[in-house]
Every structure is written in C-alpha cells, then in structure tokens.
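Following: one structure in structure tokens, then a few remarks.
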Amino acid sequence: SGGAWDMAGLGAPEPDTGPGPVPATRVELTVSCRQLLDRDTFSKSDPLCVLYTQRPGSHQWREFGRTEVIDNSLNPDFLHKFVLNYCFEERQNLRFDLYDVDSKSPDLSKHDFLGQAFCTLGEIVGSAGSRLEKPLTGIPGKKCGTIILLAEELGNCRDVATLQFCANKLDKKDFFGKSDPFMVFYRSNEDGTFTICHKTEVVRNTLNPIWAAFAIPVRALCNGDHDRAIKVEVYDWDRDGSHDFIGEFTTSYRELARGQSHFNVYEVVNPRKKMKKKKYLNSGTVTLLSFAVEAEHTFLDYIRGGTQLNFTVAIDFTASNGNPSQPTSLHYLSPFQLNAYSLALRAVGDIIQDYDSDKMFPALGFGAKVPPDGHVSHEFPLNGDASNPACRGIAGVLEAYQRSLRRVQLYGPTNFAPVVNHVARSAATVLDGSQYFVLLIITDGVISDMAQTKEAIVNAAKLPMSIIIVGVGQAEFDAMVELDGDDIRISSRGKVAERDIVQFVPFRDYMSGGPGAGLSMAGLAREVLAEIPDQLLSYMKARGIKPHPVP
C-alpha cells in the first residue's frame, strides 16, 4: 500500500498506538481450593488466600494481594481475582499461602496456616484450558487439599473492523479531467480534538470512486467508545500536495456497525460552500458498502486453545570451542559452576518447558566426530538414540549434553543447515497450528555453511517454527546478525523469507557472573524469547488459522 500513501503526498501513515508504551497482556487469576484442612473445633475453617510474587532476578517474596475470607468452607471458590501483567519471556514465580482466619487482625502470624503451593504464571497459562490443579503442601504429615488456579486474559478491545466505502457524484475539482478522491478518518478525543487514524488510497480520475476495503483496530477508530464521533474528510489529490477539500461528514462506530443500509449513506458537505450558496445541497455522497468485525487473536488465545510449543536444542561441538578438559574451553565441565552452554540452555529452557506438556525435548549436537566409526556428524542425538533424540526435561538435556562431551571428538566445520532442516521436517508434518516448533542453537560462532543455512531458513519461514541462536565466547558474530533479519529480511537465491523467524543474542552481553548472574540469565531469556509470541502469531495469521476454543 506504500505507493498509494506516497501518491496522496501524505507520507506513510504513523502507526496509531496512542499514548505511552503498550502494556503487557493482563491476566486474571481465579483461585479455588478443595478439601482444605479443618482447623476449627466447632465449625469449618474460614479460608483466605495470599498471593506472593518475585521481582525478576530476585528471590525475595513480596505480598501481591489477598482474597476475601470465606466463612465455614473447606472448598472455597474465591471471588476476589488477582490481575497480573503476563510476560511470555519472563519466569514469573508465584506462591499461594492459605490461612484459616480466626480474628480481624491483618497480621498473618495470628491465623492458622493451611498450606501453600508454588508455580509460575507460565505453568498456569500453559496448562490445558489455562487451568492448573496442585496439591497444597507445607504441613508435615498432613494432606492439605488442592488449589485450582484459572487464568484468563483480560480483553482490552482486540476487535478489528473491516470497512469499505464508495462515493457518488463528488464535486469536480480538477480543471482537466475529474477529481482524484481519497478520504481521511479522524477519531475524536475526550477534549473535543481529533486524531487522524486512517487514510484511504487515491482513486484516480473519477467522481464515483470505490475505495479498497481496509482493516483498522476498533481501538484506533473510537478508543472503545462506540458513540464517539468519527469525522471523515474527502479530498481531491494533487501532485504538489495542495489537496483540495471536497467536503466532510461525521458518523460513529455504532452507526457504521449497522452495516450497509440507508443509515450509512452520508452527505459530503463543504461548510464554506453551504454558507455562501443558498441552493447548495452537498458535494456528493459517501456510502458504506460493507462492515465486518472480528477479534484479533493473541498468543494466549492459541496457548489456551491447546497449541503446544515443541522445544529442540542444538549444541555446537566444533573444535573452536577449545578442549573440554581445559578450563579455558567453552565446554569445560567444572564441578563448581555451569558453563555458558549449560547456562544458556537452562535460561531459555526453564521458561519454554511450561508450554510443552510432555516435557520431552529433542537434543542434537553438530560438528563432532561420533562413535563408533568417528565420522563427522552435523545432527547427532545427544542421548545416543537416533530414532528418538528426545530427553526428559531440561535436566535430561543437560545430562545428555555432558555425557556426549565425554563420548565425541570436537571437530568441524560449523554447519547449521542440517539441524534447521531436522526441525523443519518435524514442523512440516504439523501445519494445522496445534504445534509450534522452537529450535535453540547454541554456538561459538563462525558459521561454515552460510548459503545452505540461509536457504534452510527461507524454507523454514513457511513452517510453524522459530529459531533462537545464542552466541557464546568472544568471536565476531557478524554472520549471526545477518541471519537475525531484523534490519534486512533474509533471502536465498532471490527468494525472501516470508517471516522473520530468527532471533540472535550474544551471551557475553549477559555474563556478569557473581551474585547478579541470576538476573543476567533472566535478561538473556527475556531477550531471546521476546519475539516468539509475535512470530507464532505471524504464522497463524498467514495461514488463516484460528485458535481452538478452550477445552
């Protein structure tokens, strides 16, 4: 559409986000418990639930809020809900403590403790239907019952309206030929001023234009207030940018939502002409041809509808990492601390595992000579089982990685294409949106098969998959930045990738060591995972896949 904007001499439209940064998705938690302990002698317990959260990178629990007290119930369904900001890319730890309230005192030590549960917000959201049941623990030797947590995304008007207009008998403004009309839409603000929210394309040389249908977020059109005025101005486009005003009309979202009808035929009026000429009626009419509205789906809609994230790890076993038995090696296994490969794997894996119900993660190595015959492999299973390279949990992947280091000989070259194609083959078998594949490649850098890797990525961009590359060590990562495609979309043999699916992050930017190491790993995970929700959405949208209803 760029051409039409530039034609109108208006430059590209500014994306309309309104004031301030876009808030994180907000999630509402509902808490219920079943079969709580009975601490009262004459009646049942009077339970209260207290939620604690942690700041990113901190281990300190802070009270977030409390539910109401429910009298005499061992199976409470609390009415008070907790509303939290949800970030896919952060590990958001939660702790729920239950108390039997015996007095009006706000001091929790004055009440009987009934048990507690720990989880992450991702765990709740990633459970089937975003509903998680956990046993309450914390009182030795006693069954404390269960807690049921339900997460629901708060809608902040995600509707998108699609509109199409035509006009009839507009005023002729050009000396030779007819007018070249386009329309500009404004939403009104609380203070009576107007903010531009859409421009149509220019239709050349006609007084009866039919404009193309356009989609616009309902928020941008009326900020959620269906009765707020929407002003529309009609212009005749001129090459030099001095567009001639033909006339204007006002409407509202509620009016437009009636669709094509006699209500949605508008007289285009030029107030100056109306003042001057007694017989002036209008400068033409504009008619709404069609109106439709649908909800813009979010990442959580797909996760709640059952889409699973499949997580695969690929680790660089090339000789440039250094001899694993030497402390200078990036693969050195110290009894005292995790190496960069293990840290990166844990930082990313700990978050992604909440969205993968079977917790089985295929793990591959590349660039090593492998037993029994010492041939160089660029996609060998870390667990030694070619038919099923999946490991149980992130702990299983770490264990298989450490075992492999003792089994294989680091070699080369550094080829990415085989592991990208390995995951792409799996992704190509599930195109219905029920699964989305994330490949984490951890590498010390200098890539040998750039052309093949680019081709593999361009092909993978059509599939439900994303690739995360974490660069460890001190190498120059220029090639990785090119693969990332944030600035220039990646292409191969003249074909451009249809989506940006690669995110590259240098590990050294997050290596603080010392007491802040936890915080820097949280930062690494944030950076690496931040693009995944939008990449998943771009795949679903391109394929017209709607989220399943919540089971």
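The values are calculated or read from the model by the stated rules, or taken from the named source; none is laboratory data. For clarity, every value in this text was computed on a predicted model and none was experimentally measured. So basically every Cβ, Gly included, is an ideal-geometry build from the backbone, and we count neighbours across all protein chains shown. Surface areas here come from the heavy atoms of the whole protein model, side chains and all, with no ligands, DNA or RNA. Shrake-Rupley method; radii C 1.70, N 1.55, O 1.52, S 1.80 Å.
Looking for something surrounded by fewer than 16 Cβ atoms within 10 Å (Cβ to Cβ) and not in a loop (DSSP other than H, G, I, E, B) - is there at least one such residue anywhere in the range 294-307?
If we filter the range 294-307 for residues that are surrounded by fewer than 16 Cβ atoms within 10 Å (Cβ to Cβ), which is where we start, we get 294-296.
Still in the running and not in a loop (DSSP other than H, G, I, E, B): 294-295.
Yes: the range 294-307 contains one or more residues that are surrounded by fewer than 16 Cβ atoms within 10 Å (Cβ to Cβ) and not in a loop (DSSP other than H, G, I, E, B).
Quick check on this structure: which one of 488, 467, 441 is part of a loop (DSSP other than H, G, I, E, B) and either touching a helix residue (DSSP H, G or I) at 6+ places or on another chain (Cβ under 8 Å) or crowded, with 20+ Cβ neighbours inside 10 Å (or both)?
488
Output the number of the condition that residue 91 fails; it satisfies all remaining conditions of (1) charged (D, E, K, R); (2) surrounded by 18 or more Cβ atoms within 10 Å (Cβ to Cβ); (3) touching a Lys or Arg at 6+ places or on another chain (Cβ under 7 Å).
(3)
Please enumerate the residues belonging to the range 166-179 that are open to solvent by 10 Å² or more (accessible area, probe 1.4 Å) and in a loop (DSSP other than H, G, I, E, B). Show your work before the answer.
So the first thing to find is which residues in the range 166-179 are open to solvent by 10 Å² or more (accessible area, probe 1.4 Å), and the list is 166, 168-169, 171-178.
Result: 169, 171, 172, 173, 174, 175, 176, 177, 178.
Of the residues that make up the range 113-130, is at least one part of a strand (DSSP E or B) and modelled with pLDDT under 95? Show your work before the answer.
Keep residues of the range 113-130 that are part of a strand (DSSP E or B), which gives 113-120.
So of that shortlist, the ones also modelled with pLDDT under 95 come out as none.
No.
Do you know which of the residues in the range 278-293 that are part of a strand (DSSP E or B) and surrounded by 14 or more Cβ atoms within 10 Å (Cβ to Cβ) is modelled with the lowest pLDDT? Break it down into steps so the answer makes sense when it comes.
Quick first cut of the range 278-293, residues part of a strand (DSSP E or B) only: 285-293.
Filter again for surrounded by 14 or more Cβ atoms within 10 Å (Cβ to Cβ), leaving 285-289, 291, 293.
Details: 285: 98, 286: 98, 287: 98, 288: 98, 289: 97, 291: 97, 293: 92.
Filtering first and then ranking leaves 293.
Got a sec? Which of 544, 494 is at positive phi, more than 19 Å from the chain's Cα centre (by Cα) and not basic (Lys, Arg)?
The match here is 494.
So for the range 323-333 (the condition being in contact with a Gly (Cβ under 7 Å, 6 or more places away or on another chain), open to solvent by less than 30 Å² (accessible area, probe 1.4 Å), farther than 30 Å from residue 535 by Cβ and part of a loop (DSSP other than H, G, I, E, B)), does at least one residue qualify?
Yes, the range 323-333 contains a residue that is in contact with a Gly (Cβ under 7 Å, 6 or more places away or on another chain), open to solvent by less than 30 Å² (accessible area, probe 1.4 Å), farther than 30 Å from residue 535 by Cβ and part of a loop (DSSP other than H, G, I, E, B).
Residue check: is residue 103 in the same structural domain as residue 31 (by the TED database) and closer than 30 Å to residue 528 by Cβ? It would help to see each step written out before you state the result.
Values: in the same structural domain as residue 31 (by the TED database): yes; closer than 30 Å to residue 528 by Cβ: no.
In short, no.
Exactly one condition in (1) surrounded by 16 or more Cβ atoms within 10 Å (Cβ to Cβ); (2) in contact with an Asp or Glu (Cβ under 7 Å, 6 or more places away or on another chain); (3) not charged (D, E, K, R) is false for residue 36; which is it?
Result: residue 36 passes all but (2).
Which condition breaks for residue 118 when tested against (1) under 30 Å from residue 358 (Cβ atoms); (2) aromatic (Phe, Trp, Tyr); (3) surrounded by 20 or more Cβ atoms within 10 Å (Cβ to Cβ)?
Answer for residue 118: the failing condition is (3).
Pairs, please: C-beta under 8 Å, at least 6 apart or cross-chain, first residue over 27 Å from residue 423 (Cα atoms) and in the range 314-342, second among the polar types (S, T, N, Q) and exposed (fewer than 11 other Cβ atoms within 10 Å of the Cβ)?
Listed by first residue and then by second, the contacts come to 322/328; 327/334; 332/326.
Has the range 349-370 got any residue that is open to solvent by less than 10 Å² (accessible area, probe 1.4 Å), in a helix (DSSP H, G or I), within 30 Å of residue 153 (Cα to Cα) and of a type in the set (Gly, Ala, Ser)?
Yes, that holds for at least one residue.
(1) hydrophobic (A, V, I, L, M, F, W, C); (2) in contact with a Lys or Arg (Cβ under 9 Å, 6 or more places away or on another chain); (3) in a loop (DSSP other than H, G, I, E, B): which one isn't true of residue 458, the others all being true?
(3)
Restricting to the range 265-280, and then to whatever is touching a Ser or Thr at 6+ places or on another chain (Cβ under 6 Å) and among the β-branched types (Val, Ile, Thr), can you tell me which residue is farthest from residue 291 (Cα to Cα)?
268
Please verify whether the range 496-517 includes one or more residues that are among the acidic types (Asp, Glu), surrounded by fewer than 17 Cβ atoms within 10 Å (Cβ to Cβ), in a helix (DSSP H, G or I) and modelled with pLDDT under 85. Give the derivation first.
Pass one, the range 496-517, residues among the acidic types (Asp, Glu): 498, 500, 509.
Now restrict to residues that are surrounded by fewer than 17 Cβ atoms within 10 Å (Cβ to Cβ): 498, 509.
Checking the rest, the ones that are also in a helix (DSSP H, G or I) come to 509.
Still in the running and modelled with pLDDT under 85: 509.
For the range 496-517, residues among the acidic types (Asp, Glu), surrounded by fewer than 17 Cβ atoms within 10 Å (Cβ to Cβ), in a helix (DSSP H, G or I) and modelled with pLDDT under 85: present.
Considering each residue of the range 185-228, count those that are over 19 Å from residue 295 (Cα atoms) and surrounded by fewer than 17 Cβ atoms within 10 Å (Cβ to Cβ), and give that number.
16
Within the range 94-112, restricting attention to residues that are of a type in the set (Asp, Glu), outside any loop (DSSP other than H, G, I, E, B) and more than 37 Å from the chain's Cα centre (by Cα), which residue is surrounded by the most Cβ atoms within 10 Å (Cβ to Cβ)? Spell out how you get there, then give the answer.
Step one: filter the range 94-112 for residues of a type in the set (Asp, Glu), giving 97, 100, 102, 107, 112.
Those left that are additionally outside any loop (DSSP other than H, G, I, E, B): 97, 100, 112.
Now narrow it down to the ones that are more than 37 Å from the chain's Cα centre (by Cα): 100, 112.
Working: 100: 20, 112: 16.
By that ranking, first place goes to 100.
If only one of 68, 90, 123 is touching a strand residue (DSSP E or B) at 6+ places or on another chain (Cβ under 8 Å), under 30 Å from residue 529 (Cβ atoms) and either not hydroxyl-bearing (Ser, Thr, Tyr) or not assigned by the TED database to the domain that holds residue 533 (or both), which one is it?
Working: 68 fails: under 30 Å from residue 529 (Cβ atoms); 90 fails: touching a strand residue (DSSP E or B) at 6+ places or on another chain (Cβ under 8 Å).
None of the others qualify; the one that does is 123.
Would you pick out the residues in the range 142-165 that are open to solvent by 20 Å² or more (accessible area, probe 1.4 Å), over 30 Å from residue 47 (Cα atoms) and part of a strand (DSSP E or B)?
Matches in the range 142-165: 159, 160, 162, 164.
Which of (1) open to solvent by less than 20 Å² (accessible area, probe 1.4 Å); (2) under 17 Å from residue 309 (Cβ atoms); (3) in contact with a Leu (Cβ under 9 Å, 6 or more places away or on another chain); (4) not in a helix (DSSP H, G or I) is the odd one out, the single condition residue 423 does not satisfy?
All conditions are met except number (4).
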